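Each reported figure results from applying straightforward, stated rules to the coordinates on display, with no laboratory input. Fair warning: this is a prediction, and the values are worked out from it, not measured in the lab. With ideal geometry, Cβ positions are generated from the backbone for all residues, glycine too; neighbour counts draw on all protein chains shown.
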Amino acid sequence: MEPRSNRIISFAAVVCASAAIACTAATGDSAKETGKTAKNPTSATPASLAPTSPVAVIGDKTITLQDLDTQAAGALVRVRQEEYEARKQILDTMVNDEVLAKEAAVKKVSKDDLLKTEVTDKLGDPPQADVDSFYEQNKSRFGAQTKEQLVPQIAAMLKGQKAADAQRDYLKTLRKKFSVKTMLDPPRIEIAADDDASKGPAKAPVTIVEFSDYQCPYCSRAETTVQEVLKKYGEKVRLVYRDYPLPFHQNANIAAQASECAKEQGKFWEMHNAMFANQAKLAQADLIETAGGIAGIDKDKFKSCLDTGKYKDEVQKDADAGQKYGVTGTPTFFINGIPIVGARDVNSFAEIIDEELERKQ
């Protein structure tokens, strides 16, 4: 039997991981190892080729590197993002270690003692209300374990999370103190906003393009985070919403079309919010009733728009664009072209947005 302490830790990991889960579609991609070495080690690699360089010739047909990269764009996005994240993780560790060493030298203490004084010793125990709230939200996953059994582990986990946040904030102050500047720029994709619904000024320094699915539960969960981000950054951020209905969500496509029909009458966000608020009511008849309850929408006009599939091609255009950009699940966000996948927390967005705002200075 797994020890109780291990179970609560494992569950905490599940809870943390679930925040980044997205509704995903099978891509058909697979990773294969050939075990073979290159026959010609001096052959040019794609990185050394010009975009117009040929990579294959079939009779009188030439395939250029640009042709190849256009078709492989989605896969290349994921590979480059993984490479960047691996480098960034190590770079952050190196930078943090260096600023801690500098500050420890100034205060003539060890790095461990510095963190203990500036972070650990300043932490209190989590409020009982937070412990109770965590238990109530997750008790269905705890099985036969009682609240009394779990309280110490929950409190320790919440305190650990608070300690991690406090250490991250402290390291930010040290980076500022020692004038840290990193030049490792994340991979970006030039994402078209198209003519899709948006919030925020067109010239905002940060644009978030969201590809989402009205039937995806993680997209619904992400809505709260998105609203918090918009509130936090105000005029500094613009949000653009684009459709990416997944094929296994029966009502996602018609719901996306419904949002376009509502947009035609100037009521996109009202319909958008109503559909995410009740994902069980996304069948066509339900959508017509929902629209009829929104002030300012002509129900008959909306019904005609939906019945005729007026915006079916518009929704497909968004979906095709998403595939081109490497979207394989929802929600997927691009913050100034930097991808972030899943129902993340506000801090995940803030980390990227803050760095983007610093780059604009």
Query raised in the report: Can you give the helix-only mean residue ellipticity at 222 nm for the chain, where every DSSP H stretch with n ≥ 4 adds -39500 (n - 2.57) and the sum goes over all residues, rounded to the nearest 500 deg cm²/dmol?
Result: -17500 deg cm²/dmol
Report task. Can you tell me the alpha carbon radius of gyration of the chain divided by the globular rule-of-thumb value 2.2 N^0.38 Å? Result -> 1.20
Query - Cα-based reach from residue 107 at 19 Å (exclusive), listing lysines while leaving out same-chain residues under 8 positions away - result: 116, 122, 172, 176, 177
**Report entry** Beta bridges by DSSP in the stretch 121-267, antiparallel share as percent, to the nearest 5
**Finding:** 20 percent
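Looking only at Cα atoms, what is the convex hull volume of the stretch 170-272 per residue, in Å³? All intermediate terms of the calculation are to be shown ahead of the outcome.
On the way: hull volume 16.1 nm³, N = 103.
Expressed per residue, the convex hull around the Cα atoms of the stretch 170-272 is 156 Å³.
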Query - Set of lysines near residue 312 by C-alpha distance (under 24 Å), chain-local residues within fewer than 8 positions excluded - result: 199, 263, 267, 281, 299, 301, 303, 324
Query raised in the report: Lys/Arg Cβ at +1, Asp/Glu Cβ at -1, dipole of the stretch 121-268 taken about the Cα centre: which of 212, 171, 186 is farthest positive-ward?
Result: 171
Report summary line: Dividing the alpha-carbon radius of gyration of the stretch 198-360 by 2.2 N^0.38 Å, where N counts its residues, gives 1.03
Query - Straight-distance crosslink candidates among aspartates and glutamates, where the alpha carbon sits under 19 Å from residue 162 and sequence neighbours closer than 8 are dropped - result: 112, 113, 118, 121, 125, 130, 132, 345, 351
